[in-house]
1. Evaluate the stretch B:35-48: report whether one residue or more is surrounded by fewer than 16 Cβ atoms within 10 Å (Cβ to Cβ), of a type in the set (Lys, Arg) and farther than 20 Å from A:Gly89 by Cα.
2. Given the conditions (1) within 30 Å of A:Arg57 (Cβ to Cβ); (2) more than 10 Å from chain A (Cβ to nearest Cβ), report the number of the one that B:Val98 does not fulfil.
3. Of the numbered conditions (1) of a type in the set (Asp, Glu); (2) open to solvent by 50 Å² or more (accessible area, probe 1.4 Å); (3) at pLDDT 95 or above, A:Glu56 satisfies every one except a single condition; which is it?
4. Answer yes or no: is there a residue in the stretch A:74-81 that is touching a helix residue (DSSP H, G or I) at 6+ places or on another chain (Cβ under 8 Å) and within 14 Å of chain B (Cβ to nearest Cβ).
5. Being part of a strand (DSSP E or B) and either open to solvent by 30 Å² or more (accessible area, probe 1.4 Å) or among the basic types (Lys, Arg) (or both): is that true of A:Lys10 here?
6. What are the pairs, 6+ residues apart or on separate chains, where a residue within the stretch B:111-129 that is farther than 23 Å from B:Val93 by Cα and more than 12 Å from chain A (Cβ to nearest Cβ) has its Cβ under 7 Å from a residue that is part of a helix (DSSP H, G or I) and open to solvent by less than 10 Å² (accessible area, probe 1.4 Å)?
7. Give me the residue from the stretch A:44-70 that is touching a strand residue (DSSP E or B) at 6+ places or on another chain (Cβ under 8 Å) and farther than 23 Å from B:His57 by Cα and, out of that set, farthest from the other protein chains (Cβ to nearest Cβ).
8. Tell me which strands (runs of 3 or more DSSP E) are completely within the stretch B:49-157 and hold 1 or more residues being of a type in the set (D, E, K, R), touching a helix residue (DSSP H, G or I) at 6+ places or on another chain (Cβ under 8 Å) and surrounded by 14 or more Cβ atoms within 10 Å (Cβ to Cβ), or say none if there are none.
Amino acid sequence: MTTQSNAVTKILFFASFRELIGQPAISIHLMKPTTVTDLLEQLYAEHPQVKAQLAEREFLFAVNQQLATSLTLVQPGDELALFPFVTGG
Amino acid sequence: MNFRCQCRVQTENFDLAAEYQNLLRSDCGAVVCFVGLVRDHVPSDGTDPVRALELEHYPGMTENSIKHIAQQAAERFDIRAMTVIHRVGLLQVSEQIVLVAVASAHRAAAFSACEMMMDYLKNYVPIWKKIHTQHHSEWAEAKSSDQQALQRWLTEQ
């Protein structure tokens, strides 16, 4: 398992998403670089309830704490965050 | 570029006078400070006023994005120093939420950089507000007026 540890990609949820999903993070085993879109498809396939909970919601995502697009590449071991539009200030 | 930015995300309150003193420099003739506060307004879809706000953020990304925006403001306006403090956690009515303080040689740069910082902060920094009234709690919705405010900085040069 030690050689697999780098392949774990953590997906973080914040604010209303964290409450909807009922947990702050889900780990996904990612074996090769993939786009944000494809990683979300993998997340939805493994956790169908997440797809239902986020259905028809607009969200932003960040890869390694930088705002990203659906085409941004995610490497195994990277951190992806999903969150609603921000409301600070 | 000789620009210094201090950024903190914290639960504790901040002392405006102390932050102002820390920002003073001999080459700066202007300091502009903006403080955002919790107000007891009635949400548009509710009947009872706000009792408190609960703020959540993305540790690490919050600080990095504030510093990145401050750097962009410094590249655009001739400012010398900036302090940004954003509080998180549970904040009651009249408590301070955010400070943006900017020092520059002349006032125009400090006013503009302070406004730009707040407009970008409200659209790009991963912080979320939950509104608590006496009878219910809900996450604040992003406002289109905040997105529109950003247009000014994208079109004006």
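1. The first filter runs over the stretch B:35-48 and keeps only residues surrounded by fewer than 16 Cβ atoms within 10 Å (Cβ to Cβ), leaving B:35, B:37, B:39-48.
In the following step, the residues that additionally are of a type in the set (Lys, Arg) were identified as B:39.
Still in the list and also farther than 20 Å from A:Gly89 by Cα: none.
Looking through the stretch B:35-48, none of the residues is surrounded by fewer than 16 Cβ atoms within 10 Å (Cβ to Cβ), of a type in the set (Lys, Arg) and farther than 20 Å from A:Gly89 by Cα.
2. (2)
3. (3)
4. yes
5. Numbers: part of a strand (DSSP E or B): yes; either open to solvent by 30 Å² or more (accessible area, probe 1.4 Å) or among the basic types (Lys, Arg) (or both): yes.
Yes.
6. Note: pairs meeting the criteria are B:Ala113/B:Ala73; B:Met116/B:Ala73; B:Met116/B:Trp153.
7. Looking at residues that are touching a strand residue (DSSP E or B) at 6+ places or on another chain (Cβ under 8 Å) and farther than 23 Å from B:His57 by Cα, I get A:Glu46.
8. Details: elements: B:50-57, B:79-87, B:89-92, B:96-104, B:127-133, B:137-139.
Qualifying strands (runs of 3 or more DSSP E): B:50-57, B:127-133.
The values are calculated or read from the model by the stated rules, or taken from the named source; none is laboratory data. All values reported here derive from a predicted model rather than from experimental measurement. Ideal geometry is used to build each Cβ from the backbone, glycine not excepted, and the neighbour counts take in all protein chains shown. The accessibility values were calculated without ligands, DNA or RNA, using every heavy atom of the protein model including side chains. Shrake-Rupley method; radii C 1.70, N 1.55, O 1.52, S 1.80 Å.
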